[in-house]
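Undergrad: There's a structure below that I have some questions on.
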Amino acid sequence: SGESGAGKTESTKLLLQHIMNLCKGNSQLEQQILQVNPLLEAFGNAQTVMNDNSSRFGKYIQLRFQKNAVKGAKLSEYLLEKSRVVQQDTGERNFHIFYYMFAGLSSEKKEMYGLLDPSLYRYISGRFGTEDVAQHWKHKYQEVCNALDMVGFQEQEQVDMQAILAGVLSLGNVTFEPQENSVSVKVSEASRGWLKAAAVDLLRLLLVCSVLSSSWNSLMSHCHSLSPCSDARDSIAKVAYGRVFGWIVSKINELLAENVDPEVELREIGILDIFGFENFAVNRFEQLCINLANEQLQHFFNHHIFQLEQAAYREEELPWETIKFNNNEPILDLLLAKPLGLLSLLDEQSAFPQATDKTFVDKLNSSFKGNLHFQPGRGRVLGFSIIHYAGNVQYTAGGFLEKNRDTLPANVRGLFINSVTPLLSVLFAGKSLSFSGASHINQGSPWQHSLMVLMERMYSANPHFVRCIKPNSQKEPGVVDSQVVLQQLRYNGLLETIRIRRDGFSWRPSFEEFAER
């Protein structure tokens, strides 16, 4: 754990290399486990103001052993930041893979995918790098292609995948305009070429007209205004990208699955590399989800290092002066309590069609009045602040309900299942990847569930904590800013940890272990 840019992903890679080296097997499987990283980083990482290679998803790697040899591995991913596909703030970029494609694809391949000059695409904001950066991206693209081959992606699957990514970029350039002499909306004349490039022929109808079935089963056409059309376009882009990422992870898991007798009991080492605590100039729904995960990890650390350890000393009746620590349970209650925690209120508001981000904020202000860890928004921007274990974060509430609902027009799924691109059919028809029957996918709740499962897994294990400390806020190598470091040591509870390590008993063998030794 550690804040964004502290070195969690790099430490994870070093730890994996170290474990593989200790196995001394140098088997093909061990090499494959190390080689999936470039693939995950290309599709799941991006440049942010805090980190040039920031993980925009959380991953849990389970390594399974038999007699000190790796027999298999499994990867679980959490909360990919899909909104990055359609919007990035100043100084930030989209996922790496889009830039790698522009730098690495030949002119013929670009023509095949309908890719034009990168400066034309709204989803990558026309931002492209210097010649040096482009050369680096070209090299990275080759790494990705090698990793795709190694993981076992067929050539046609790789073509389809890149066609979908190119289609996502083209889709971002589709705009809408009012129809003359009508209240309805159409795809603008200027962006029809982009719609064609997106290679989804029926999309024009679906974006502009969603067909609603009334209670007596007659069909009526309900035309959108401009704003819902743009939202639907962005939702399709986000979901398509999210499906591609999920598919890559499932293919990796097929490759790395253990091939042993199911009767044989395997030992396991799990490594959790999760997005770090974030506090940007503008903090949105994604930052709240990320910071909640970090709150839960901090609570787990406190529970293990302070509560369990000191309880053991009291039980053994050792002379012990209790070490106080900064308990963040009240913040978790504020966020997770049912039925009146922040996320419960968000789900409740998301269920009301008439609710808005403002009604949600009003509800928070009335529910958490007087709560020491909550502050109402100040100024004109609709929002609120939460005083996290790592500091005060001001959240902008705009888009909270829409992102929690994660709306996709219901009939778009059928369109994708019947797509001429085979991969799209697979991604949207597969059982494990399918939507719930409704057209609303609630991003908050499934992710809360997956986080709960993850924490249960953590609590059942014997944990070792790797605390990553960021040396400075300028992304500079070899520079240690002592104030930045001290602030992290304080909020992480590491000063209290040093005390419990100094005064306590860091190695606590069982009687049997002691006697044998």
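The values are calculated or read from the model by the stated rules, or taken from the named source; none is laboratory data. Given the structure is predicted, the values throughout are model-derived calculations rather than measurements. Note: ideal-geometry Cβ built from the backbone for every residue, glycine included; neighbour counts use all protein chains shown. The area values use the complete protein model at the heavy-atom level, side chains included, leaving out ligands, DNA and RNA. Shrake-Rupley method; radii C 1.70, N 1.55, O 1.52, S 1.80 Å.
Undergrad: Which whole-Hz ³J(HN,Hα) couplings does region 44-53 yield from phi under the Karplus relation 6.51 cos²θ - 1.76 cosθ + 1.60, θ = phi - 60°, glycine and proline marked x?
TA: Calculated HN-Hα couplings, in order: x, 10, 7, 7, 10, 5, 9, 6, 6, 9 Hz.
Undergrad: Here's a follow-up. List, in order, the whole-Hz ³J(HN,Hα) value for each residue of region 289-302 obtained from phi through the Karplus relation with A = 6.51, B = -1.76, C = 1.60 and θ = phi - 60°; use x for Gly and Pro.
TA: Karplus-based 3J(HN,Hα) across region 289-302 equals 4, 4, 6, 4, 4, 5, 4, 5, 5, 5, 5, 4, 4, 4 Hz.
Undergrad: Hey, another quick one. Can you pull the percent of region 259-351's accessible area that's carbon plus sulfur, 1.4 Å probe, other chains left in place?
TA: C and S atoms contribute 49 percent here.
Undergrad: May I pose another question? What whole-number distance in Å separates the alpha-carbon centres of region 467-493 and region 286-347?
TA: Spelled out, the Cα-based centre of one part sits 23 Å from the other.
Undergrad: Find the accessible area per residue for the chain; the probe is 1.4 Å, ligands and nucleic acids are left out, and the unit is Å².
TA: 51
Undergrad: Another question about this same structure. Take the Cα atoms of region 51-119, build their convex hull, and give its volume per residue in Å³.
TA: Details: hull volume 11.0 nm³, N = 69.
Here the figure is 159 Å³ per residue.
Undergrad: Using amide H atoms built 1.01 Å from N in the peptide plane, name the residues 5+ places from Asn45, or on other chains, whose amide H lies under 5 Å from its own.
TA: Amide H neighbours of Asn45, under 5 Å, 5+ apart: Arg56, His96.
Undergrad: Right, another one. What does the convex hull of the Cα atoms of the chain come to per residue, in Å³, rounded to a whole number?
TA: Measuring per residue, one finds 203 Å³ for the Cα hull of the chain.
Undergrad: Would you grab the residues whose amide H sits under 5 Å from the one on Gly270? Only those 5+ places off in sequence or on another chain, please, with H modelled 1.01 Å from N.
TA: Leu63
Undergrad: Between Arg314 and Val466, what length comes free when the chain is fully extended (0.36 nm per residue of separation minus the Cα-Cα distance, one decimal in nm)?
TA: Gain on extension, Arg314 to Val466, equals 52.0 nm.
Undergrad: Can you work out ³J(HN,Hα) from phi for every residue in region 503-517, in order, using Karplus 6.51 cos²θ - 1.76 cosθ + 1.60 and θ = phi - 60°, giving whole Hz and x for Gly and Pro?
TA: 8, x, 10, 6, 10, 10, x, 6, 4, 4, 4, 4, 4, 5, 5
Undergrad: Using only the C-alpha atoms of region 56-197, find the volume of their convex hull and express it per residue in Å³. Don't skip to the answer; put the middle values down first.
TA: Details: hull volume 23.9 nm³, N = 142.
With only Cα atoms used, region 56-197 gives 168 Å³ per residue.
Undergrad: In addition: What residues have an amide H closer than 5 Å to that of Ala257, excluding those fewer than 5 places away on the same chain, when H is modeled at 1.01 Å from N in the peptide plane?
TA: So Ala257 has HN proximity to Ala73.
Undergrad: In addition: With no solvent and one point per C-alpha, what does the Debye sum give as log10 I(q)/I(0) for region 121-186 at q = 0.11, 0.16 Å⁻¹?
TA: -0.47, -0.76
Undergrad: Just how large is the dipole of the chain about the Cα centre, in debye to the nearest 20, putting +1 at every Lys and Arg Cβ and -1 at every Asp and Glu Cβ? All intermediate terms of the calculation are to be shown ahead of the outcome.
TA: Values: 50 positive and 56 negative charges, 156 e Å.
Around 740 debye, computed over the chain.
Undergrad: Right, next: Going by a ≥ b ≥ c, the root eigenvalues of the Cα gyration tensor, does region 1-40 fall in the rounded group (a/c under 1.5), the prolate group (a/b larger than b/c) or the oblate group?
TA: The shape class here is oblate.
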